[in-house]
Amino acid sequence: ILADDIDTWLENDVRVIVAIGNVRIKKGDETLNADNVILYFDQEKGEKDKPAKQIYKEVYAEGNVTLTRKDDLIIAEKIFENIKEEKGIFVKSTISSVLKPPAVRMRMPAFVSGDEIKNTKGNYEIKNGDFSLCSYGHPHYRFKYSKLRIIKTGEKSILTAKNNVFKLGNIPIMYFPYLNFNLKRSPKRLEEWNSGRTTRFGRFVTTDWDLYVFGFGEKMSDWSDVTLSLDYM
């Protein structure tokens, strides 16, 4: 734990650590950065002549919070996590995850944001947010949804979303009542896209979407394709 100022005390059998200013905490494959962090440890009595054991219990962080966890980067105003129960809440946050297409060396970032994101054992539930493959702060294209879940099982990372509106900028283009796909396996929902500016078209965005994957989560057959082209000029 690194910080401008660190204080600690014992409350009953709970060790409290308060870190203030430029806080950086490293634990295993996780790194937490924030302005202020409070950590809670259950303190168990050790064996004779040995110090007490401290078991990581809870963490609360606020102010410019970034949490790196394996392939995920979580940016939030505030986070609270119960380490023992593997539960947490991220307030006004964005999760950046990496798609790893099979047999393709390219790594594709995906961005999910929401006012409140609940995390239960690595699975996320988000209400009233956005999903996009565009890394801009104001993405060129995105799905606006009422409820989204990301469920991780083994090598799969299944995303399901309800009441989705596809937008180019702030312009609504199409409504999808339900989406379901595997983030780790099937990155070709957006088969191709391009953006720029010309004297003929002005500012433009062109996209090609795989409708099979949107409707069924996987490709229906090897002998046919259904592609939707959505272009803004």
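The values are calculated or read from the model by the stated rules, or taken from the named source; none is laboratory data. Computed from a predicted structure; not experimentally measured. Accessible surface areas use protein heavy atoms only, side chains included; no ligands, DNA or RNA. Shrake-Rupley method; radii C 1.70, N 1.55, O 1.52, S 1.80 Å.
For ASP208, the solvent-accessible surface computed with a 1.4 Å probe is close to 40 Å², ligands and nucleic acids excluded. Note that region 1-61, at 37 °C in a medium of 0.692 mPa s, gets a Stokes-Einstein diffusion coefficient of 267 µm²/s from its Kirkwood radius over C-alpha pairs. Within the assembled protein chains, the solvent-accessible surface assigned to VAL14 is about 30 Å², based on a 1.4 Å probe.
In straight-distance terms, cross-link reach from LYS121 covers every one of the aspartates and glutamates whose alpha-carbon lies under 12 Å from its own, apart from those fewer than eight places away in the same chain; here that gives GLU81, GLU85, GLU86.
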